Amino acid sequence: MAPIERHYIGGVFVAPLGRERFALHNPATGLQFGEVVLGDERDIDRAVAAAAEAFVSFSRTTPAERAGVLAALETAVAARREALTEAMVLEFGAPIALAGWMADHAASVFADMRRTLREYAFVRPIGIADVVMTPLGVTGLITPWNGNASAICGKLAAAIAAGCTSVVKPSELSAHQTDVLCEAFAAAGLAPGLVNIVTGRGEVAGAALAAHPGVAKLSFTGSTAVGKAIAREAVSTMKRVTLELGGKSPVLVLDDADLASCLPLAVQAGFMNSGQACVAGTRLLVPRAKRAEIEDALVAICAAIPVGDPRDPATAIGPLVSQRQWDRVEGYIGRGVAEGAELLAGGEGRPDGLTGWFVRPTVFGSANNAMTIAREEIFGPVIALIAYDGEEEAISIANDSDYGLQAYVFSSDPARARRVAERLDAGRVLINTLAHEPDAPFGGFKQSGIGREFGSYGLEAFLEPKAIIGVREAMA
Ligand code: NAD
C-alpha cells in the first residue's frame, strides 16, 4: 500500500516535518504491508499553534453550533465505515465482526455526545453566583492501538461539545485508521485548527504534547506505566488530566449463577478483542465447590472458539497486534506454568496451522491471586481461574488488585448481585451482561486511571467551573 506521508493540521493535509519512516505489519501474517512517516516535536508545535488560534473563536460558539459540528462528524465517519473496518482488520488483526462494531462505535459516539449536550446546563445559579462551565483550552488527546478510532472520536466528541480545540496523537500502530478519520474530518467542513492529528512515536510526539505549555488538558488512553509518566509531566504546567489506563478485571461467578448461560459470557469477557481489551475479564473467580464442573465446561467452550483469519466472519479471536505483544503474552503464559498454574486450555506456541501473531486462547486453572498472571495486565487471551470459599472471600479477592476498571458479576439473584457490585472497587460493574451504556461514566478506580469519559462526566472533563458573582441580580 502507498505510504502515509501526511498529517492533518489547521484544516489541511500537510507533509510531516519528522523524517522517521515506520513499517506497518499485518498481524495475521507478520508481513509488512505499508509505512507511515512519523511526526516529531515540530509537527506537534505546528498543531498546537493551529489549535490555539482556532480556540479563540470556537470557545465562543453556542452548544447548538457545536451540536451541528458533532452531527457533521457523525455523518462523515459513518460514511467511511467500510474503509475504517478494513483498516482495523489489516493493521491490528481485529476479527471483522468486531471491527465493524468498532467502526460503528467511532461514529455513534458523536451522536451520544450530542444527546448529552442537549441536556447539559453550562450556566447554573448557586447562591448569588452564576457558575459558568468554561472550555479548558487546547487539549492533547493520546490514544492506544487497541481502540484507536473509537478513542479518537470519543475524546474529540467531548472536547468539541465543551468548546475546546484539539491535537490528537494516535498510536503509531494505527496509521491507516487514523488516515481514514483524517479524511472524514476534512470532509466534515470543520473550522481550520479545531481538530489536528499528528501520528508519531509516543516518546517523541506524545511526550512533546504532554510537555507542551500551550496545552491545557491531556486525555490519555493507554498503559498505566505511560499514564504515570504523562501525569508527572502534566503537573509541570498544571494541565488537567484524564487517564484511562489498564485493568485486571474480576469476573465473579456466584454460587447461584446459571453456569450454562454465564460461562460463555465469562469467556467472551476474558477474550474480547482477542484479549487486547482494557476491560477484559481476566480473573475468573468461581466457588470452590463448583470448580471441577466449571473447569470441564471451560475446556469445552475453549475447544469450540474459532481462532484464525480475522477476515472470516466466524472468527472470534484473531492475532495480537505485534511481534512485541506476542513475545510478551507468550512470556506470561510461560510464567503461569512456571508459577504452578495448571493449563486447562491453550498454552505456549501458535495454534496449529497459523503463522501470524496468533496465541492459543489460554485458561489457567488452580491459579491464585498472588501469581503474576493474576496481578499483571497480560493483554492477550489469557484467563486465570481462581477458586474462592464464600462471597466475602470472592469480594476480597476481586478487590485485591492494583487495578479497578471494570468487574463482572453473575448470579441468578439480581438483588444479591447488586449488593456485591456495590462493594467492588471498579468504575463499572456488569451484572449478567456484557452490555455497554454510552451515557454512563467510564473510567477506573485505583491505578486504572483518573477521571471519567462519556456522558456528562466525560463532557465535564473538558470544562472548568467559573463562578461569576455580583451581577446576576443587577442584570435581572
Ligand atoms: P501505551 O501506553 O504503550 O501507548 C498509548 C499511547 O501513548 C500511544 O499513542 C503511544 O504512542 C503513546 N505514548 C507512549 N509513550 C509515551 C510517552 N512517553 N509520552 C506520551 N505518549 C506516549 O499503550 P498501548 O500499548 O498503545 O495500549 C494498550 C494499553 O492501553 C493497555 O494497558 C490497555 O489496558 C490500555 N487501554 C485502556 C483503556 C481504557 O479506557 N482504560 C482503553 C484501551 C486501552
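Which of the following residues is within 16 Å of the ligand (Cβ to nearest atom) and either among the β-branched types (Val, Ile, Thr) or more than 17 Å from GLU391 (Cα to Cα) (or both): VAL279, VAL286? Spell out the reasoning first.
On the way: VAL286 fails: within 16 Å of the ligand (Cβ to nearest atom).
Checking each option against the conditions leaves just VAL279.
Scan segment 114-150 for residues that are assigned to a strand (DSSP E or B) and under 28 Å from ARG81 (Cβ atoms) and jot them down.
At the first step, the residues of segment 114-150 found to be assigned to a strand (DSSP E or B) are 123-126, 129-135, 138-142.
THR139, GLY140, LEU141, ILE142 - these are the residues of segment 114-150 that are assigned to a strand (DSSP E or B) and under 28 Å from ARG81 (Cβ atoms).
Kindly evaluate GLY154 against the criterion of being touching a residue at least 60 places away in the same chain (Cβ under 8 Å) and not in a loop (DSSP other than H, G, I, E, B).
Values: touching a residue at least 60 places away in the same chain (Cβ under 8 Å): yes; not in a loop (DSSP other than H, G, I, E, B): yes.
It is true that GLY154 is touching a residue at least 60 places away in the same chain (Cβ under 8 Å) and not in a loop (DSSP other than H, G, I, E, B).
Just checking, does segment 172-182 include any residue being within 10 Å of the ligand (Cβ to nearest atom), over 22 Å from HIS25 (Cα atoms) and under 19 Å from the mean Cα position of the chain (by Cα)?
Scanning segment 172-182 turns up no residue that is within 10 Å of the ligand (Cβ to nearest atom), over 22 Å from HIS25 (Cα atoms) and under 19 Å from the mean Cα position of the chain (by Cα).
One line per residue, one yes/no per condition, for (1) assigned to a strand (DSSP E or B); (2) more than 15 Å from PHE271 (Cα to Cα); (3) out of contact with any strand residue (DSSP E or B) (no Cβ under 7 Å at 6 or more places or on another chain):
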{"position": "VAL329", "(1), (2), (3)": "no, no, no"}
{"position": "ARG335", "(1), (2), (3)": "no, yes, yes"}
{"position": "ASP352", "(1), (2), (3)": "no, yes, yes"}
{"position": "GLY356", "(1), (2), (3)": "no, yes, yes"}
{"position": "THR362", "(1), (2), (3)": "yes, no, no"}
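Consider segment 275-297. How many of its residues are closer than 22 Å to GLU376 by Cα and either of a type outside the set (Lys, Arg) or not in a strand (DSSP E or B) (or both)? Write out each step before concluding.
Here is the first cut: in segment 275-297, the residues closer than 22 Å to GLU376 by Cα are 275-286.
Applying the additional criterion that residues be either of a type outside the set (Lys, Arg) or not in a strand (DSSP E or B) (or both) yields 275-282, 284-286.
Residues flagged as closer than 22 Å to GLU376 by Cα and either of a type outside the set (Lys, Arg) or not in a strand (DSSP E or B) (or both) within segment 275-297 amount to 11.
Give the residue that is surrounded by the fewest Cβ atoms within 10 Å (Cβ to Cβ), with candidates limited to residues of segment 63-74 that are in contact (Cβ under 8 Å) with a residue 60 or more places away in the chain and within 22 Å of the chain's Cα centre (by Cα).
LEU70
Kindly establish whether PHE445 is touching a Lys or Arg at 6+ places or on another chain (Cβ under 8 Å), aromatic (Phe, Trp, Tyr) and farther than 29 Å from GLY318 by Cα. Before you say what the answer is, go through the steps one by one.
On the way: touching a Lys or Arg at 6+ places or on another chain (Cβ under 8 Å): no; aromatic (Phe, Trp, Tyr): yes; farther than 29 Å from GLY318 by Cα: yes.
No: the conditions fail for PHE445.
Within segment 50-62, can you find the residues that are open to solvent by 30 Å² or more (accessible area, probe 1.4 Å) and either among the aromatic types (Phe, Trp, Tyr) or under 21 Å from THR178 (Cα atoms) (or both)?
PHE55, the sole residue that qualifies.
Can you list residue pairs whose Cβ atoms sit under 8 Å apart, with the first residue in segment 223-244 being open to solvent by 80 Å² or more (accessible area, probe 1.4 Å) and the second being more than 7 Å from the ligand (Cβ to nearest atom) and of a type outside the set (Gly, Ala, Ser)? Count only pairs 6 or more apart in sequence or on different chains.
ARG240/LEU136; ARG240/LYS217; ARG240/LEU218; ARG240/GLU464
Among the residues of segment 300-308, is there at least one that is open to solvent by less than 10 Å² (accessible area, probe 1.4 Å) and either over 14 Å from LEU385 (Cβ atoms) or in the same structural domain as SER412 (by TED's automatic domain parsing) (or both)?
Pass one, segment 300-308, residues open to solvent by less than 10 Å² (accessible area, probe 1.4 Å): 308.
Filter once more, so that each one left must be either over 14 Å from LEU385 (Cβ atoms) or in the same structural domain as SER412 (by TED's automatic domain parsing) (or both): 308.
Yes, because at least one residue in segment 300-308 is open to solvent by less than 10 Å² (accessible area, probe 1.4 Å) and either over 14 Å from LEU385 (Cβ atoms) or in the same structural domain as SER412 (by TED's automatic domain parsing) (or both).
Determine, yes or no, whether GLU342 is open to solvent by 70 Å² or more (accessible area, probe 1.4 Å) and within 20 Å of VAL267 (Cα to Cα). Talk me through it step by step, then tell me what you get.
Values: open to solvent by 70 Å² or more (accessible area, probe 1.4 Å): yes; within 20 Å of VAL267 (Cα to Cα): yes.
The answer is yes for GLU342.
Condition check ((1) of a type in the set (D, E, K, R); (2) at pLDDT below 95; (3) within 16 Å of the ligand (Cβ to nearest atom); (4) in a strand (DSSP E or B)) across all residues:
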| site | (1), (2), (3), (4) |
| --- | --- |
| ALA205 | no, no, yes, no |
| LEU218 | no, no, yes, yes |
| ALA229 | no, no, yes, no |
| ARG232 | yes, no, yes, no |
| VAL235 | no, no, yes, no |
| VAL241 | no, no, yes, yes |
| VAL251 | no, no, no, yes |
| ALA257 | no, no, no, no |
| PRO264 | no, no, no, no |
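Within the bounds of segment 19-38, is there any residue that is among the acidic types (Asp, Glu), open to solvent by 20 Å² or more (accessible area, probe 1.4 Å), part of a helix (DSSP H, G or I) and not assigned by TED's automatic domain parsing to the domain that holds VAL307?
Narrowing segment 19-38 to residues among the acidic types (Asp, Glu): 20, 35.
Retained after the next criterion (residues that are open to solvent by 20 Å² or more (accessible area, probe 1.4 Å)): 20, 35.
Going one step further and asking which of them are part of a helix (DSSP H, G or I), we end up with none.
No, segment 19-38 has no match at all.
Please note which strands (runs of 3 or more DSSP E) are completely contained in segment 376-455 and include at least 1 residues that are in contact (Cβ under 8 Å) with a residue 40 or more places away in the chain, open to solvent by 10 Å² or more (accessible area, probe 1.4 Å) and within 16 Å of the ligand (Cβ to nearest atom).
Values: elements: 382-388, 406-410, 428-431.
Counting at least 1 such residues, we get 406-410, 428-431.
Given VAL132, VAL109, which one is among the β-branched types (Val, Ile, Thr), surrounded by fewer than 24 Cβ atoms within 10 Å (Cβ to Cβ), more than 12 Å from the ligand (Cβ to nearest atom) and more than 23 Å from GLY227 (Cα to Cα)? Spell out the reasoning first.
On the way: VAL109 fails: surrounded by fewer than 24 Cβ atoms within 10 Å (Cβ to Cβ).
Exactly one of VAL132, VAL109 is among the β-branched types (Val, Ile, Thr), surrounded by fewer than 24 Cβ atoms within 10 Å (Cβ to Cβ), more than 12 Å from the ligand (Cβ to nearest atom) and more than 23 Å from GLY227 (Cα to Cα), namely VAL132.
The values are calculated or read from the model by the stated rules, or taken from the named source; none is laboratory data. Given the structure is predicted, the values throughout are model-derived calculations rather than measurements. Positions of Cβ are generated from backbone atoms using ideal geometry, with glycine treated the same way; all protein chains shown enter the neighbour counts. Areas reflect the complete protein model, heavy atoms only, side chains present, ligands, DNA and RNA absent. Shrake-Rupley method; radii C 1.70, N 1.55, O 1.52, S 1.80 Å.
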